[in-house]
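Bear in mind that the values in this text are calculations on the coordinates, not laboratory data. Quick caveat, the model's predicted, so the values are computed rather than measured. We place every Cβ from the backbone using ideal geometry, glycine too, and count neighbours over all the protein chains shown.
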Amino acid sequence: MLTTFNLRPSSIGGFHDCAFRFFNIHLLGIRSWSGYAAVRGTAVHKGAEVIWKEAIKAGEKKFSLTTAKDAAAQAVEEEVTNDEREVRFFDFETKEGAIDDAVKGVEVYARDITPEVEIPAKVETYLKAKIDDDITINGTFDAFTPDGTIVDIKTTGRKAVPAKYIDQMSVYARLAQANGLEPNMKYQIQNVVFLKNDTVAHLFEREVDIPSAQRKIDDIVKRVKWYKKHPDDGHIAFPANPNSYLCSEKYCPVFDTCYIRNDVPF
């Protein structure tokens with residue numbers, strides 16, 4: 001029986017992509033796994049964190065790229081050996097390949113992103129707010145600039161579409177407000193792109209939409225409350241989406257038993 005629920009800004013997009021997968025992972029606690037791209041992304045984030053912590057300490061953009069790359073490589077090692085997480089590599093994916101990619105990603109981040117942006121005021125900042133008696137929202141944003149821009153680092157296989165992240169970033173902005181910070185209603189995507197034969201970087205800045213984010217939070221909260229009163233009917237509040245781009249055994253932990261995929265009653 002669900003007693004408490006923690007909503008994360010990064011899960012908002014997953015809810016809209018397939019509410020049933022969201023329900024199984026975030027409410028029922030069905031264990032998911034990290035894939036190659038997620039492991040690589042975690043490692044690039046770690047390298048960037050090292051870069052900015054050193055820069056903040058120095059008061060200027062001064063850091064050891066070697067230390068940042070070593071941190072990224074170590075992050076891959078920790079991800080694949082962590083007993084509390086499951087990592088699945090497919091086809092020709094390997095730990096060594098993830099390390100090589102992550103190190104290259106950090107190099108590109110340092111070369112192409114850091115010269116173009118401010119040193120953050122905060123990095124890897126955890127925030128939490130109470131929504132209801134037993135519902136909270138919590139998450140960690142990658143950086144917060146001196147002028148109040150929420151920053152998120154994205155590692156992708158193709159150039160990111162900034163609008164795709166407006167919900168997540170708007171929820172971060174709402175969470176920042178709830179914790180006494182003063183976001184300036186903008187978000188910045190620092191995008192490292194792993195193309196087939198190259199690794200490149202892009203920088204985007206857009207405006208958040210807090211009213212829209214609040215409506216989406218309210219929608220999820222209403223569904224959670226309804227489910228708590230009807231624990232046998234979670235699929236009604238959180239229906240499956242067979243057209244989800246993540247609808248495959250590679251990405252979904254309930255793919256084989258999904259009621260829509262198997263065309264059977266819930």
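Each eigenvalue of the Cα gyration tensor of the range 102-175, multiplied by 5 and square-rooted, gives one semi-axis; in descending order these are 26, 15, 11 Å. Neighbours of Glu124 by Cβ distance under 11 Å: Lys/Arg scored +1, Asp/Glu scored -1, total +1. The range 1-46 and the range 117-189 have Cα centres lying 17 Å from one another. Scanning residues 5 or more positions from Phe141 or on other chains, those with amide H under 5 Å from its amide H are Thr125, Leu127, with H placed 1.01 Å from N in the peptide plane.
For the chain, what class follows from the C-alpha gyration tensor (a ≥ b ≥ c being the square roots of its eigenvalues): rounded when a/c is under 1.5, otherwise prolate if a/b is larger than b/c, else oblate?
Working: a/c = 2.07, a/b = 1.34, b/c = 1.54.
Oblate, since a/c reaches 1.5 and b/c is not below a/b.
If I stretch the segment between Asp133 and Lys229 completely, what's the gain in nm (0.36 nm per residue apart, minus their alpha carbon distance), one decimal?
Working: separation 96, 0.36 × 96 = 34.56 nm, distance 1.51 nm.
Full extension from Asp133 to Lys229 adds 33.1 nm.
Size descriptors for the range 167-266 (Cα atoms only): Rg and Dmax, in that order, 18.7, 52 Å. The local environment of Lys164, defined by Cβ-Cβ distances under 15 Å, has a net charge of -1 under the rule Lys, Arg +1 and Asp, Glu -1. In the chain, helices alone account for a calculated mean residue ellipticity at 222 nm of -12000 deg cm²/dmol, with every DSSP H run of four or more residues adding -39,500 (n - 2.57).
Say the cut-off is 31 Å between C-alpha atoms; which of Lys104/Lys186; Lys61/Lys130; Lys57/Lys104 go over it? Check vs 31 Å cut-off fails for Lys61/Lys130.
Quick one: putting +1 on the C-beta of Lys and Arg, -1 on the C-beta of Asp and Glu, what dipole do you get for the range 65-194 around its Cα centre, in Debye to the nearest 20?
Values: 15 positive and 25 negative charges, 111 e Å.
In total the dipole reaches around 540 debye.
From the Cα gyration tensor of the range 35-189, with a ≥ b ≥ c the square roots of its eigenvalues, which class applies: rounded if a/c is under 1.5, or else prolate if a/b is larger than b/c, or else oblate? Note, shape of the range 35-189 comes out oblate.
Normalised by 2.2 N^0.38 Å, with N the number of residues, the alpha-carbon radius of gyration of the range 1-91 equals 1.39. At Glu118 and Leu28, where each label point lies 7 Å from the Cα along Cα→Cβ, what is the point-to-point distance in nanometres? Result: 4.5 nm between the two label points. Here r is the Cβ-Cβ distance between Glu207 and Asn6 and R0 is 45 Å; the resulting FRET efficiency, rounded to 0.05, is 0.95. Using only side-chain charges placed at the Cβ, +1 for Lys and Arg and -1 for Asp and Glu, the dipole size of the chain relative to its Cα centre rounds to 460 debye.
Calculated FRET efficiency, Thr257 to Lys53, Cβ-Cβ distance, R0 = 35 Å: about 0.20 to the nearest 0.05.
Spin-label pair Val161-Thr67: with each label point 7 Å from Cα along the Cα-Cβ axis, the two points sit 4.0 nm from one another. Between Ile236 and Asp83, what FRET efficiency follows from the Cβ-Cβ distance if R0 is 41 Å, with the result rounded to 0.05? The value I calculate is 0.70.
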